[in-house]
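Q: Attaching a single structure in structure tokens format; questions to follow.
The values are calculated or read from the model by the stated rules, or taken from the named source; none is laboratory data. Being a predicted model, the structure only gives us computed values, none of them experimental. Positions of Cβ are generated from backbone atoms using ideal geometry, with glycine treated the same way; all protein chains shown enter the neighbour counts. Only protein heavy atoms, including side chains, enter the accessible area calculation; ligands, DNA and RNA are left aside. Shrake-Rupley method; radii C 1.70, N 1.55, O 1.52, S 1.80 Å.
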Amino acid sequence: MSRGNGRSAVGINTRDVEAGEAEADGGGDEEPARTTDRPDPEAPVRPPGGARRRRTLVRVAAVVSVIGELLITAGLVLALFVVYSLWWTNVIANRQADEQSDKVRESWAASEDRGEPGEGGPGERNLRNGIGFLHVPAMSDDDILVTKGTDAGHLDKGVAGYYTDPVKSALPWDQDGNFALAAHRDGHGAKFHDIHRIEEDDAVVFETEHTWYVYEVYEILPETSKFDVDVLADVPKVSGKTEEGRYITLTTCTPMYTSEHRYIVWGELERTVPVDADRTPPEELRPE
């Protein structure tokens, strides 16, 4: 084994070993790494109170969500109320009116009384279910049953009513006076819904058991106070009339879907037509 080059048999240089030992004893020039408590300048900075603001935002979002749900619920309730008021009440009222109308016509068919109620004195006939039917071709194709009274309890049944308060209405068979009627314009049958379609000279016909009363429209008042009772007078001077006669007055609410004012239509009796065995209507009610 040669020793001239200073290497051992396994190829390790003893000088390199000694140099490595010196470096391990701290003989190098590099300083050891130091630790520090300063924050990393590149780390994201969180502002103070951030957690509190996040909790506040969560609460606000929850409140807004609850309010939104309440508004949606209120909207649905309102929509259902409108459907009930303008559609379902019509269904119920028309059903009631049809049943009551059938009773009136059945009583007519079974009656042997050949005179109008006023001709034989009060109480001669039972008019509790209705006194007859209103026909206004310009407004409706319905036969509108007319009963006593204009309070909600009567009109909500899908009928028209003649006034008993604050003015007592005349009846068609009276020799003079104003046959004054009211009915709903919206909901509960809405029998006068299209009253605005009536024009001057249009026909208004009232059918009783024995007589057709044919009136002609002569004046219309599109709006007046709900407290204007002068429109119901026996001689409705506000319509231009000054003498006694046989008048008819139709009243209902206006504008549509409100009850702020009243819409008025006046007519005057033109003639009467006896009812025949077939109940043939007057020519004003016959299709052209």
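Q: So which pairs qualify, if the first residue must be in segment 265-284 and open to solvent by 50 Å² or more (accessible area, probe 1.4 Å), the second must be modelled with pLDDT of 95 or more and among the aromatic types (Phe, Trp, Tyr), the Cβ gap must be under 8 Å, and the two must be at least 6 apart or on different chains?
A: GLU268/TYR215; GLU268/TYR218; GLU268/TYR247; GLU270/TYR215; THR272/TRP212; THR272/TYR213; PRO274/TRP212
Q: Also, I was wondering about something else. What about GLU207, is it in contact (Cβ under 8 Å) with a residue 12 or more places away in the chain and open to solvent by less than 20 Å² (accessible area, probe 1.4 Å)? Walk me through how you get there before you give the answer.
A: On the way: in contact (Cβ under 8 Å) with a residue 12 or more places away in the chain: yes; open to solvent by less than 20 Å² (accessible area, probe 1.4 Å): yes.
Yes: the conditions hold for GLU207.
Per-residue answers, yes or no, for (1) more than 24 Å from the chain's Cα centre (by Cα); (2) not in a helix (DSSP H, G or I); (3) not aliphatic (A, V, I, L, M):
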{"residue": "PHE227", "(1), (2), (3)": "yes, yes, yes"}
{"residue": "ASP230", "(1), (2), (3)": "yes, no, yes"}
{"residue": "GLU244", "(1), (2), (3)": "yes, yes, yes"}
{"residue": "THR251", "(1), (2), (3)": "no, yes, yes"}
{"residue": "TYR263", "(1), (2), (3)": "no, yes, yes"}
{"residue": "GLY267", "(1), (2), (3)": "yes, yes, yes"}
{"residue": "GLU270", "(1), (2), (3)": "yes, yes, yes"}
{"residue": "THR280", "(1), (2), (3)": "yes, yes, yes"}
{"residue": "PRO287", "(1), (2), (3)": "yes, yes, yes"}
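Q: Would you say GLU199 is touching a residue at least 40 places away in the same chain (Cβ under 8 Å) and either touching a Pro at 6+ places or on another chain (Cβ under 9 Å) or farther than 19 Å from MET256 by Cα (or both)? Can you show your working first?
A: Values: touching a residue at least 40 places away in the same chain (Cβ under 8 Å): yes; either touching a Pro at 6+ places or on another chain (Cβ under 9 Å) or farther than 19 Å from MET256 by Cα (or both): no.
It is false that GLU199 is touching a residue at least 40 places away in the same chain (Cβ under 8 Å) and either touching a Pro at 6+ places or on another chain (Cβ under 9 Å) or farther than 19 Å from MET256 by Cα (or both).
Q: Counting just the residues of segment 109-155 that are modelled with pLDDT under 80 and either in a helix (DSSP H, G or I) or within 27 Å of the chain's Cα centre (by Cα) (or both), which one comes out surrounded by the most Cβ atoms within 10 Å (Cβ to Cβ)?
A: PRO117
Q: Scan segment 163-197 for residues that are open to solvent by less than 10 Å² (accessible area, probe 1.4 Å) and acidic (Asp, Glu) and jot them down.
A: none
Q: Are any residues in segment 150-190 free of Cβ contacts under 8 Å to residues at least 40 places away in the same chain, β-branched (Val, Ile, Thr) and within 21 Å of GLU99 (Cβ to Cβ), and if so, which ones?
A: The answer is THR150, and nothing else.
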